[in-house]
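S.K.: Quick one: the structure is below, and I'll ask about it shortly.
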Amino acid sequence: MTDTAPPIPQPGAGANPARGPRGPGGDRGMRAALWIIAAGVVVAGLYWFRDVLTQFALGVFLWLSIEAVARGLRRVLPGLPRWAGLVGAVLVVLAALAAIVALVAYNTRAFAATAGDYGARIDALLARVHDMLNLGGVAPELRDLTATIDPAQLAARMAGIAQGLVGDAVFILIYAAFLLAGTRTFAGKMRAIFPGPGDRENARALIGSIRDALEQYVWVQTVCSTIISVATWGTLTALGLEHALFWSFIIFFLNYIPTVGSLVAVALPTAFAAVQFDNPLMVAAVAAGVGVWQFAIGNFVQPRMTGLSLNLSTVTVLLALSLWGSLWGAVGMFLAAPLAVALMVVLAQFPDTRWIAILMSDDGHPAERARRGRVAPAPPA
């Protein structure tokens, strides 16, 4: 009887139980696991370093705003030197920030001057709601609801918040200043990172497309928010709502937060109207007066101006608001849509992640923005 030697396993044949399956399926599984681990590490880093990252993100936002204003000035004045355009843009942006600070200070003083009247008005509102709901017993008063608040502790907390805002503003300005100063060396860095002309041009076009998309989005939001705020101020003034300018100012910034911001913009002045007016019809008029501008501008004017600058599905916007709001708070909600736009444009350039960009987009064509930015879109996987 002839002994037959067992066959010698060939490289790549079968699977090693200790190492798991081989082949395309195993490679895809390994890549998926690495993506999940990398995403977890990134999310953890975004949360743990949120204080520094939010300052840097706002610094980048301020830098892009200054660059956009500078390019606008050079388009209006073609012979204007680049340094003069930057100086003019810095002055324009700083003037806008100073106007915002002055408006906040003015409205704070106005609220403080009439703060004594609001306690009695809130008590009257609580009594009306108590009677309307037939709750029985004695209606609660504002002092009952605020009895557990320690004035000294509240003052200390407000002082800490103010100090933190000042510190954040200083760091944001520093980041923006250094980013502006580093712009002149950016071309040399691009040549060092991408020696090949084709890769360098693709990278430059990708960065340009992201910048253009963010600038257009911010421009559209600013114009639409201004229109809504002016129209709302006129409506609230005609209805006799106190501090109409303050509420219009708040609405201007809330409109930078997609979907949720519009709802809050209607709710806040309506709640204040319920405190000021005894007549429910006046409260309904304030809600309708604010809501009609949000609906009209948001559904008819803004989509025509936005075009493909956003191109995010509603689900993507809501998820971005939830994610960035959880990570970075109010700053994250303010930056959620621009960050989602930038992420979608980047993901559309790589075959392994293009499907994510397709899911994020509104029309299923996230590479359309890349083509407008002259970046070669990734081929289908």
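S.K.: Restricting attention to helices (runs of 4 or more DSSP H) lying wholly within segment 185-275, give those where 1 or more residues are exposed (fewer than 14 other Cβ atoms within 10 Å of the Cβ) and free of Cβ contacts under 8 Å to residues at least 40 places away in the same chain.
M.R.: Result: 186-193, 197-239.
S.K.: Which count do you get for residues in segment 37-61 that are in contact (Cβ under 8 Å) with a residue 40 or more places away in the chain and either assigned to a loop (DSSP other than H, G, I, E, B) or more than 18 Å from residue 181 (Cβ to Cβ) (or both)?
M.R.: 7
S.K.: Select, from 20, 26, the only residue that is at positive phi, modelled with pLDDT under 75 and surrounded by 10 or more Cβ atoms within 10 Å (Cβ to Cβ).
M.R.: Within the list 20, 26, the selection yields 20.
S.K.: Which ones in segment 62-90 are surrounded by 12 or more Cβ atoms within 10 Å (Cβ to Cβ), among the aliphatic types (A, V, I, L, M) and not in a loop (DSSP other than H, G, I, E, B)?
M.R.: Scanning segment 62-90 gives 62, 64, 66, 68, 69, 70, 73, 84, 86, 87, 89, 90.
S.K.: Based on this model, can you work out whether residue 112 counts as assigned to a helix (DSSP H, G or I), free of Cβ contacts under 8 Å to residues at least 60 places away in the same chain and over 25 Å from residue 176 (Cα atoms)?
M.R.: When the stated conditions are applied, residue 112 passes them.
S.K.: Do we find a residue being under 30 Å from residue 122 (Cβ atoms) and surrounded by fewer than 21 Cβ atoms within 10 Å (Cβ to Cβ) anywhere in segment 331-352?
M.R.: Among the residues of segment 331-352, not one is under 30 Å from residue 122 (Cβ atoms) and surrounded by fewer than 21 Cβ atoms within 10 Å (Cβ to Cβ), which makes the answer no.
S.K.: Looking at the structure I just gave you, is residue 101 assigned to a helix (DSSP H, G or I) and either at pLDDT 85 or above or over 25 Å from residue 168 (Cβ atoms) (or both)?
M.R.: No: the conditions fail for residue 101.
S.K.: Hey, can you tell me all the residues within segment 293-329 that are out of contact with any helix residue (DSSP H, G or I) (no Cβ under 7 Å at 6 or more places or on another chain), modelled with pLDDT under 85 and hydrophobic (A, V, I, L, M, F, W, C)?
M.R.: Result: 300, single match.
S.K.: Evaluate the following for residue 290: is it part of a helix (DSSP H, G or I), among the β-branched types (Val, Ile, Thr), at pLDDT below 80 and surrounded by 14 or more Cβ atoms within 10 Å (Cβ to Cβ)? Step through it out loud before you land on a result.
M.R.: Working: part of a helix (DSSP H, G or I): yes; among the β-branched types (Val, Ile, Thr): yes; at pLDDT below 80: no; surrounded by 14 or more Cβ atoms within 10 Å (Cβ to Cβ): yes.
Taking the combined requirement at face value, the residue does not satisfy it.
The values are calculated or read from the model by the stated rules, or taken from the named source; none is laboratory data. All of these numbers come straight from a predicted model, not from anything done at the bench. In this analysis, Cβ positions are derived from the backbone assuming ideal geometry, glycine residues included, and neighbour counts consider all displayed protein chains.
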